[in-house]
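S.K.: I have a structure here, written as structure tokens, and I will follow up with some questions on it.
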Amino acid sequence: MREWFRNIWVAVSTVVSGMWVTMRTMRKTYGRRAFTQVYEYPEVPVPVKARYRGFHRFDLTTCIGCDKCAAACPVDCIYIDKVKSPVGKGFRIEGYTIDYTKCMFCALCVEPCPVDCIFMGSNHDLSSYGRDGCVVDYSKLPLEVAWGQTTLNPTAVAESKVLSEPVWVKGEPSPFEPAES
């Protein structure tokens with residue numbers, strides 16, 4: 001009989017101590033501020049760590065079209081359209097597309113690039129209303145984004161969907177550099 005009462009006491013005290021931990025954690029939760037109150041998210045970007053792997057940054061000016069990044073991608077989400085360059089050696093990039101519905105942000109595409117034209121950015125938000133907003137063609141983005149000077153954003157992706165030709169071809173003068181007279 002004594003063993004039975006001891007088992008009852010141990011069971012009740014265990015449940016009460018567990019409920020005490022639960023109530024204490026629940027009370028702390030109500031005292032916290034919301035995520036958007038802390039970071040003011042849409043207006044002020046959320047701080048990320050130095051080695052954060054966000055959406056890619058791509059520099060269209062340095063890409064040589066070697067396909068090493070597409071070959072290294074384990075989920076096959078990088079598609080490169082290129083043609084033989086009529087001027088000099090190399091290729092002309094017609095399309096450099098990354099399908100972010102497939103991408104797992106492993107950064108395996110960054111390592112084999114011989115000219116360091118692709119690297120992981122710090123942007124973590126590419127919201128869109130459909131899956132076509134997650135398929136990004138870096139050759140048709142506005143020049144600031146395509147040249148890696150600004151980060152990828154949903155507005156730039158939406159603007160790129162209406163273009164049929166790449167925004168810049170090697171051999172053309174840069175619109176950011178002063179024209180030679």
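The values are calculated or read from the model by the stated rules, or taken from the named source; none is laboratory data. This one's a predicted model, so the numbers in the text were calculated from it and none came from an experiment. Positions of Cβ are backbone-derived with ideal geometry, glycine not excepted, and every protein chain shown enters the neighbour counts.
Okay, residues lined up against (1) surrounded by 10 or more Cβ atoms within 10 Å (Cβ to Cβ); (2) more than 27 Å from residue 124 (Cβ to Cβ); (3) out of contact with any Lys or Arg (no Cβ under 9 Å at 6 or more places or on another chain):
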site	(1), (2), (3)
14	yes, yes, yes
20	yes, yes, yes
49	no, no, yes
68	yes, no, yes
86	no, yes, no
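Yes/no per residue for (1) at pLDDT 85 or above; (2) farther than 19 Å from residue 115 by Cβ:
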residue: 44; (1), (2): no, yes
residue: 52; (1), (2): yes, yes
residue: 67; (1), (2): yes, no
residue: 72; (1), (2): yes, no
residue: 86; (1), (2): no, yes
residue: 91; (1), (2): no, no
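S.K.: Can you name the condition, by its number, that residue 59 falls short on among (1) buried (at least 16 other Cβ atoms within 10 Å of the Cβ); (2) modelled with pLDDT of 90 or more; (3) under 21 Å from residue 140 (Cα atoms)?
M.R.: With (1) buried (at least 16 other Cβ atoms within 10 Å of the Cβ); (2) modelled with pLDDT of 90 or more; (3) under 21 Å from residue 140 (Cα atoms) applied to residue 59, the lone miss is (2).
S.K.: Would you call residue 116 closer than 17 Å to residue 147 by Cβ, free of Cβ contacts under 8 Å to residues at least 60 places away in the same chain, out of contact with any Leu (no Cβ under 8 Å at 6 or more places or on another chain) and surrounded by fewer than 14 Cβ atoms within 10 Å (Cβ to Cβ)?
M.R.: Yes: the conditions hold for residue 116.
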